[in-house]
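**Q** Shown below is the structure under consideration.
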Amino acid sequence: MREQLRRLWRQIFWAWTPNSDREASEAIVKNLWLHWFPAKIARASMDWNYSFWLGTASASLLLILTVTGVMLMFFYVPSTERAYGSIKDLEYAVSFGRILRNQHRWSAEGMVAVVFIHMARVFFTGAYRGSRSINWLVGIALLLGTLLLSFTGYLLPWDQLAFWAITVGTSIAKEAPVVGASVQYILLGGHEIGQQTLLRFYVLHVFFLPIFVWILFGYHMWRVRKDGGLAALEPMRIARMMRPKETPRTKSYSFFGITPGTSVAVMSSTGLEEEDQVFSSPNLTRRLTLVFLAVFNVTLAAALMFNAPLEGPANPSVTPNPAKAPWYFVWLQELVASTTIRIGPISVSGGFIGGILVPGFLLLLITFWPWFDRSPLKAEGVWFPPERRRQNYTFIGAMVVIVALIFVGVYLRGPYWRIYWPGQARPEMPRLY
Amino acid sequence: MEDDRKARPANPDPERRKVLRMLGKGSVLAAFLAQIGAAGRAFFPNVLYEPPSRFKLKRPSDYPEGYTFDSAKRLFIVRKADSFHTISAICTHLGCTVQWKAVEFDCPCHGSRFRPDGTVIGGPAPRPLSWWQTAVSPDGFIEIDTSTEVAIGTELIAKTGKA
């Protein structure tokens with residue numbers, strides 16, 4: 001019976017645990033879920049210390065978020081009157097609803113962090129050159145998709161954070177030249193925040209943005225394979241290419257009988273040798289499972305230990321004091337608060353400079369960086385190569401500035417967005433709802 | 001069966017055929033694009049269920065001296081004896097609600113500060129707070145129009161009998 005079930009399982013999904021090399025390849029190539037992986041994978045690209053498996057962690061978070069998100073959709077009502085109540089129900093009335101929401105929230109914040117660190121890893125290893133530059137662009141689109149998903153996500157509880165984040169976010173959109181007012185109008189579905197606004201952000205959050213991110217994720221994976229796997233393999237490929245190839249000895253029939261000769265040297269199309277690679281099943285599948293389980297358990301532990309924030313219900317007449325964006329947007333809040341320029345009677349709002357110009361410039365810079373990078377090829381796929389020292393320091397510098405702004409925003413800003421040093425007394429603000 | 005393609009006479013005017021074919025394909029494509037545009041247009045609402053921008057508040061005599069915050073309408077009614085004006089509580093930076101702090105307006109979102117007349121002291125606000133058109137309605141209530149800004153210093157004189 002057991003054996004029959006096992007056979008049936010294998011008939012449907014193919015082998016997970018191979019008994020031969022052939023079965024090992026087929027376990028990947030002929031498996032519904034795994035066929036998009038290569039049958040064999042280079043040992044070097046599975047190194048924990050090269051990639052830190054950050055892409056796999058991001059994808060794991062995306063999967064966790066999709067599943068928990070779909071479950072939350074059964075309880076959430078996208079109505080301005082009932083949204084807040086349905087979140088409270090998830091917290092107090094639905095069995096394990098609080099854990100579900102917590103895990104969704106912490107996975108989302110984790111995904112913002114992990115996707116960004118993944119990008120930093122690709123930058124530090126210069127893994128965006130040649131044909132990989134397309135995947136760098138896809139990665140930036142995925143980072144933006146992640147940020148937009150986070151933004152549209154924390155609007156849904158319709159608490160004070162949601163309401164004032166929409167107010168500020170759409171006011172920044174309004175600062176865009178020419179199209180600004182129309183963009184704000186179409187985002188809000190009117191001139192004021194209301195039911196139309198919530199419904200629009202809801203549909204974006206549960207349908208369009210996830211579809212966008214999942215499709216791009218598929219393309220991102222496909223390109224990783226088409227571009228020859230991780231850039232970590234490039235130094236190895238160069239070394240293999242440099243090594244003088246021994247041409248195999250052969251014998252052939254000549255006019256005078258059998259003569260020794262040499263045949264042509266054949267290189268594999270991947271540029272890698274047999275001994276560099278292992279079968280993906282079980283070497284890759286085991287690690288993928290491990291990374292997924294690790295990520296899942298970290299988000300679950302966070303969900304069990306910390307509650308997702310929920311402020312008072314949305315109140316259009318009272319802005320919380322101070323009104324802070326989530327940590328990953330607080331550096332932008334610092335920028336919009338401090339970049340207004342006044343020259344005589346003319347003033348340009350920080351909403352435009354810090355909210356559109358500076359982030360837009362940073363985005364363009366990072367997008368076209370692969371085409372500015374003129375370091376030699378041997379700097380590819382290596383951590384902190386001396387040839388890219390200046391580039392990496394520039395990136396670290398920008399990150400330090402952003403982290404410093406986040407620190408100031410999260411820890412030093414008090415009521416009326418004033419700086420309060422650690423230890424300095426903050427005035428008691430009445431909590432108005 | 002004979003091949004009827006052979007029976008067809010030679011194309012007398014290939015240019016004409018080409019134009020007609022392009023018109024045919026073009027009209028199908030145009031209809032397709034027009035429908036995409038129409039679907040997109042649906043996202044710009046034509047009817048808004050929003051409160052009107054002109055509304056009545058309380059009687060002038062109901063307001064005390066100084067600054068009174070109307071939380072529902074997000075504005076301040078400012079009274080000095082018989083003269084009234086209305087200052088918007090919506091920060092001109094990114095739309096948060098400013099608070100009256102006895103001598104100035106402060107914004108909790110990004111720290112903009114305004115003088116009692118709404119002009120900017122500091123912070124990121126690019127413009128002074130709006131002054132809304134303020135009038136007394138025929139039946140004796142303060143009437144405000146938030147679609148019309150008036151110059152800073154424009155006062156409404158309303159005889160209330162008592163100061």
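No value in this document is a laboratory result; all are computed from the given coordinates. Model, not experiment: these values are computed from the prediction. Ideal geometry is used to build each Cβ from the backbone, glycine not excepted, and the neighbour counts take in all protein chains shown.
**Q** Pairing the Cα long axis of helix A:54-73 with the longest principal axis of chain A, what angle in degrees results, from 0 to 90 and rounded to the nearest 10?
**A** Long axis of A:54-73 versus the principal axis of chain A: about 50 degrees.
**Q** In debye, nearest 20, what is the charge dipole magnitude of the range B:54-157 about its Cα centre with +1 on Lys and Arg Cβ and -1 on Asp and Glu Cβ, if you could check? Can you show the working numbers first?
**A** Details: 12 positive and 12 negative charges, 46 e Å.
Result for the range B:54-157 is approximately 220 debye, rounded to the nearest 20.
**Q** Sorted from largest down, what three extents in whole angstroms do the Cα atoms of the range A:246-391 have along their principal axes?
**A** For the range A:246-391, the Cα extents along the three principal axes come out at 102, 50, 26 Å.
**Q** Please report, in debye to the nearest 20, how large the charge dipole of the range B:63-114 is about its Cα centre when each Lys and Arg carries +1 at its beta carbon and each Asp and Glu carries -1 there.
**A** Working: 6 positive and 5 negative charges, 17 e Å.
That gives a dipole near 80 debye.
**Q** Compute the long axis of helix A:132-155 from its Cα atoms, compare it with the longest principal axis of the Cα atoms of chain A, and write down the angle in degrees, 0 to 90, nearest 10.
**A** 30 degrees
**Q** Between residue A:159 and residues 5 or more places away or on another chain, which pairs have amide H atoms under 5 Å apart, with H built 1.01 Å from N, and which residues are they?
**A** Close amide H contacts, sequence-distant or interchain: A:314.
**Q** Then there's this: Going toward the positive end of the dipole of the range B:20-82, with +1 on Lys and Arg Cβ and -1 on Asp and Glu Cβ, which of B:29, B:48, B:67 do you reach last?
**A** Positive-end residue among those listed: B:29.
**Q** List, in order, the whole-Hz ³J(HN,Hα) value for each residue of the range A:359-375 obtained from phi through the Karplus relation with A = 6.51, B = -1.76, C = 1.60 and θ = phi - 60°; use x for Gly and Pro.
**A** Along the range A:359-375, the couplings run x, x, 5, 4, 5, 4, 4, 5, 5, 9, 4, x, 8, 8, 5, 10, 6 Hz.
**Q** Just to check I understand the Karplus step: with θ = phi - 60° and J = 6.51 cos²θ - 1.76 cosθ + 1.60, what whole-Hz values come out for the range B:78-94, glycine and proline as x?
**A** Rounded to whole hertz, the list is 10, 10, 9, 6, 9, 9, 10, 8, 10, 10, 5, 8, 8, 4, 6, 7, 9.
**Q** Which log10 I(q)/I(0) values, to two decimals, does the protein assembly as shown give at q = 0.06 Å⁻¹ under the Debye formula with one point per Cα?
**A** -0.48
**Q** Right, here's the next one. Between residue B:25 and residue B:141, what length in nm is gained on full extension when 0.36 nm per residue of separation is reduced by their alpha carbon distance?
**A** Numbers: separation 116, 0.36 × 116 = 41.76 nm, distance 6.38 nm.
Result for the pair: 35.4 nm of gain on full extension.
**Q** Using a basic spin-label model with each label point 7 Å from the Cα along Cα→Cβ, how many nm lie between residue A:263 and residue A:48?
**A** Using points 7 Å along Cα→Cβ, the separation is 4.2 nm.
**Q** Right, next: Would you mind checking B:73/B:159; B:73/B:101; B:56/B:159; B:80/B:159 for any pair whose Cα atoms are more than 21 angstrom apart? Show your work: numbers first, answer last.
**A** Details: B:73/B:159 24 Å; B:73/B:101 19 Å; B:56/B:159 18 Å; B:80/B:159 12 Å.
Where the Cα-Cα span goes over 21 Å, the pairs concerned are B:73/B:159.
**Q** Net charge near residue A:220: determine it from the other residues with C-beta under 14 Å of the C-beta of residue A:220, scoring Lys and Arg +1 and Asp and Glu -1. Let's see the in-between values first.
**A** Numbers: positive: A:132, A:223, A:225, A:226; negative: A:227.
Taking every other residue near residue A:220 into account, the sum is +3.
**Q** Would you mind calculating the gained length between residue A:70 and residue A:297 on full extension (0.36 nm times residue separation, minus the Cα-Cα distance), in nm to one decimal? Show your work: numbers first, answer last.
**A** Numbers: separation 227, 0.36 × 227 = 81.72 nm, distance 1.93 nm.
Using 0.36 nm per residue and subtracting the Cα-Cα distance, I get 79.8 nm.
**Q** Springs between alpha-carbon pairs under 10 angstrom, Gaussian network model over chain A: which of A:342, A:286, A:413 fluctuates most?
**A** So, out of A:342, A:286, A:413, the one fluctuating most is A:342.
**Q** Once label points are set 7 Å from the Cα along Cα→Cβ at both residue A:6 and residue B:113, what is their separation, rounded to one decimal in nm?
**A** Here the modelled spin labels are 7.8 nm apart.
**Q** Between helix A:233-242 and chain A, what is the angle of the helix's C-alpha long axis to the longest principal axis, kept within 0 to 90° and rounded to the nearest 10?
**A** The helix A:233-242 is inclined about 30 degrees to chain A.
**Q** For the range A:217-318, which GluC sites (Glu not before Pro) are in a loop by DSSP, counting at most 13 other Cβ atoms within 10 Å? Let's see the in-between values first.
**A** Details: sites: A:246, A:273, A:274, A:275, A:311; in loops: A:246, A:273, A:311.
Here the sparse-neighbourhood loop sites are A:246, A:273.
**Q** Calculate, axis by axis, the spread of Cα positions in the range A:149-237 along the three principal axes, and write the results as whole Å, longest axis first.
**A** Ordered largest first, the range A:149-237 gives principal extents of 58, 30, 19 Å.
**Q** Which Cα, out of A:65, A:144, A:32, lies furthest along the positive dipole direction of the range A:17-146 (beta carbon charges, K/R +1, D/E -1)?
**A** Projecting each Cα onto the dipole axis, the largest value belongs to A:144.
**Q** List the lysines whose Cα lies under 26 Å from the Cα of residue A:88, skipping any in the same chain that are fewer than 8 positions away.
**A** Result set, ordered by chain and number: A:324.
**Q** For the residue pair residue A:394 and residue A:361, what label-to-label distance in nm results when each label sits 7 Å from Cα along the Cα-to-beta-carbon direction?
**A** So the two model labels end up 1.4 nm from each other.
**Q** Using only the Cα atoms of chain B, what do you get for the radius of gyration and for Dmax, in Å?
**A** 31.1, 107
**Q** For a Förster distance of 56 Å, can you work out the FRET efficiency between the beta-carbons of residue B:46 and residue A:411, rounded to the nearest 0.05? Intermediate results must be reported in sequence, preceding the final value.
**A** Values: r = 47 Å, r/R0 = 0.84.
With R0 = 56 Å, the Cβ-Cβ based efficiency is 0.75.
**Q** I've got another one for you. Which of the lysines could be linked to residue A:30 by a straight reach, that is with a Cα gap under 28 Å, when you skip same-chain ones fewer than 8 residues away?
**A** A:40, A:226
**Q** Per-residue mean of other chain beta-carbon atoms within 10 angstrom of the beta-carbon, peptide A:409-420?
**A** Mean shielding count: 3.
**Q** About the Cα centre of the protein assembly as shown, how large is the charge dipole given +1 on each Lys and Arg Cβ and -1 on each Asp and Glu Cβ? Please answer in debye to the nearest 20.
**A** Details: 63 positive and 43 negative charges, 273 e Å.
The calculated dipole for the protein assembly as shown is roughly 1320 debye.
**Q** Within the range A:363-410, list the trypsin sites (Lys or Arg not before Pro) lying in a DSSP loop whose Cβ has at most 16 other Cβ atoms in a 10 Å radius. Write out the running numbers ahead of the final one.
**A** On the way: sites: A:374, A:378, A:388, A:389, A:390; in loops: A:374.
For trypsin sites (Lys or Arg not before Pro) across the range A:363-410 that sit outside H, G, I, E and B with at most 16 neighbouring Cβ atoms in 10 Å, the list reads A:374.
**Q** Given R₀ = 30 Å, what would the calculated FRET efficiency be for residue A:134 paired with residue A:250, taking r from the Cβ atoms and rounding to 0.05? Don't jump to the answer; show the numbers that get you there.
**A** Numbers: r = 42 Å, r/R0 = 1.40.
So the FRET efficiency works out to roughly 0.10.
**Q** Averaged over every viewing direction, what's the projected area of the C-alpha convex hull for the range A:127-175? Give it in nm², one decimal, please.
**A** Working: hull surface 17.8 nm².
Spelled out: convex hull of the Cα atoms, projected over all directions, averaged, 4.4 nm².
**Q** I'd like the chymotrypsin sites (Phe, Trp or Tyr not before Pro) in the range B:24-116 restricted to DSSP loop residues with at most 10 other Cβ atoms within 10 Å, sorted by number.
**A** Numbers: sites: B:32, B:43, B:49, B:55, B:67, B:69, B:76, B:84, B:100, B:105, B:114; in loops: B:43, B:49.
Passing both the DSSP loop test and the Cβ count: B:49.
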